[in-house]
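First the structure, in the form of structure tokens, and then the observations on it.
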Amino acid sequence: MATFSVDSVRARFPAISRHVHPPVFLDNAAGTQVPQSVVDAVADAMVNGSCNLGGKFSGSRRAMDIWDAAHQAGADIVGAPSARGVIIGQNMTALTLHISRSIGRLCQPGDEIVVTRMDHEGDVAPWLLMAQDRGLIVRWVPFDKISWQVSPDALRAVMGPRTRLVAINYASNLTGAINDVRALTQVAHQFGALVYVDAVQMAPHHLPDVTQLDCDFLVCSSYKFFGPHLGVLWGRESVLDRLEAYRCRCVSDDLPGKFEHGTSQTELMAGLAATADYLASLGDEAGYSGSRRERMLGGYKAFEPHETALTLRLIEGIMAIPGMTIHGITNPNRIAERVPTVSFTHDRISTHTFAQALADQEIFVWSGHNYAIEPVRHLGLDEDTGVVRLAIAHYNTAAEIDQVLAALSDIAK
Ligand SMILES: Cc1ncc(COP(=O)(O)O)c(C=O)c1O
């Protein structure tokens, strides 16, 4: 059933298909390209929905429809039971900084929170700031350097009766390792702590399911999964209802509006709904039917073998180049435990040299810590040079992987 055509996908992305020799986009963990349908939806909203919300006139009603559709898209993306718990904002970091102020109000001085050595700064710094503001104790949980994951036992070891929050990533933006978030959530809940999941790197490759994970919050960024520059935060409604929002006095106490400040980015919200439709269309093409969420799940299922094949090809190719070390899971039998983001260092050549040489050939990759400061430190890597990060998306091709491998080989000579 799971048919997937990378050629047909690429034809839908103008940034890729308008070039005879398109750049090789392997910077996807930092941001993905968008299909034409998303571009069109954004443009259409700027023409037909560029009014503020809450007015009696048709333009405002149209903007409100866009707002509603975007929140429903957010619910479909994270598997939420309703759109009431979906908060849309500038990006993951802004949303996390914002909600952390409210979560902090639930905590008393001397309470504890848990953050990890595996997370991106966006899921570390807001909690450190919250701890500073509220007089909280920060407990750190490491990831295992063999499994690359945070184990439930490691988490249990830092939990206590006063732990109020566990902030954990679903997949690492540096190593690509995926955590067993459901198991970690179970541990956290045994101690009565809230669980905040950073799904930014997971969402482009596996659709999160907040119901199955049983977490209390989950956040992702739509520009990482072929959409506009927005963040989507889901919160358990009973928790969000309890939280005091930092908001203007004339904003109502209703969800989710109480957590969305100022004027909405309506055109980007239109793009978010179109992104969910794009992902569902991949399911349609592979013969899936049902709700949009079911069709999206079908789409992900359809492109998974393609992404896996590219990842294995990339890992195998990098490992064949003398001097290379991959920082993440390389065992093909564990490939399902990682996303297709592959980071490496070389024993002689700087990561920045690789990234520049690849950039000179229109191969887009990142070098440095990639905001994964804690993982870089935990691995004993240099904070400035960090790693070279190659991040695959479903629109990449085997030919592109071969091209980058040939280039890496040349640079390493
Ligand atoms: C795992 C992870 N978390 C959080 C972020 C921050 O996302 P944003 O830039 O949308 O705030 C990123 C960005 O790369 C990320 O990879």
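Observations
- Meets criteria (under 30 Å from residue 281 (Cα atoms) and buried (at least 21 other Cβ atoms within 10 Å of the Cβ)) for residue 394: yes
- Of 308, 325, 341, all but one fail to be buried (at least 22 other Cβ atoms within 10 Å of the Cβ) and among the polar types (S, T, N, Q); the exception is 341.
- Residues located in the range 19-43, provided they are out of contact with any strand residue (DSSP E or B) (no Cβ under 7 Å at 6 or more places or on another chain), over 18 Å from residue 310 (Cα atoms) and within 16 Å of the ligand (Cβ to nearest atom): 31, 34
- Checked against (1) modelled with pLDDT of 95 or more; (2) touching a helix residue (DSSP H, G or I) at 6+ places or on another chain (Cβ under 9 Å), residue 192 meets all criteria but (2).
- Residue in the range 81-96 that is farther than 27 Å from residue 225 by Cβ, in the same structural domain as residue 225 (by TED's automatic domain parsing), over 18 Å from the mean Cα position of the chain (by Cα) and modelled with pLDDT of 95 or more present: no
- Condition met for residue 2 (modelled with pLDDT under 95, assigned to a loop (DSSP other than H, G, I, E, B), among the small types (Gly, Ala, Ser) and crowded, with 16+ Cβ neighbours inside 10 Å): yes
- Test: residue in the range 17-36 that is part of a helix (DSSP H, G or I) and of a type in the set (A, V, I, L, M): no
- Matching residues, the range 208-223, being within 11 Å of the ligand (Cβ to nearest atom) and farther than 15 Å from residue 169 by Cα: 222, 223
- The range 148-163, subset free of Cβ contacts under 8 Å to residues at least 60 places away in the same chain and not in a helix (DSSP H, G or I), residue farthest from the ligand (Cβ to nearest atom): 161
Conditions tested, residue by residue: (1) among the hydrophobic types (A, V, I, L, M, F, W, C); (2) within 30 Å of residue 69 (Cα to Cα).
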residue	(1), (2)
247	no, yes
253	no, yes
265	no, yes
285	no, yes
290	no, yes
310	yes, no
317	no, no
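- Residue match in the range 77-100 (condition: assigned to a loop (DSSP other than H, G, I, E, B) and either farther than 20 Å from residue 279 by Cα or within 16 Å of the ligand (Cβ to nearest atom) (or both)): yes
- Out of 270, 302, 280, sole residue that is in the same structural domain as residue 197 (by TED's automatic domain parsing), touching a helix residue (DSSP H, G or I) at 6+ places or on another chain (Cβ under 7 Å) and aliphatic (A, V, I, L, M): 270
- Scanning the range 44-60 for residues that are without any contact (Cβ under 8 Å) to a residue 12 or more places away in the chain and part of a helix (DSSP H, G or I), we see that the one that is farthest from the ligand (Cβ to nearest atom) is 58.
- Of everything listed in (1) among the charged types (D, E, K, R); (2) within 14 Å of the ligand (Cβ to nearest atom); (3) free of Cβ contacts under 8 Å to residues at least 12 places away in the same chain, the single unmet condition for residue 144 is (2).
- Pairs linking a residue in the range 207-219 that is farther than 10 Å from residue 236 by Cβ to a residue that is among the acidic types (Asp, Glu) and within 15 Å of the ligand (Cβ to nearest atom), with Cβ atoms under 7 Å and 6 or more positions apart or on different chains, are 219/198.
- Some residue of the range 117-140 being modelled with pLDDT of 95 or more, within 16 Å of the ligand (Cβ to nearest atom) and either closer than 28 Å to residue 283 by Cα or assigned to a strand (DSSP E or B) (or both): no
- Unmet requirement for residue 336, which otherwise passes all of (1) closer than 28 Å to residue 7 by Cα; (2) buried (at least 21 other Cβ atoms within 10 Å of the Cβ); (3) small (Gly, Ala, Ser); (4) under 19 Å from the mean Cα position of the chain (by Cα): (2)
The values are calculated or read from the model by the stated rules, or taken from the named source; none is laboratory data. Keep in mind the model is a prediction, meaning the values are calculated, not measured. Neighbour counts are summed over all protein chains in view; Cβ atoms, including those assigned to glycine, are modelled from backbone coordinates with ideal geometry.
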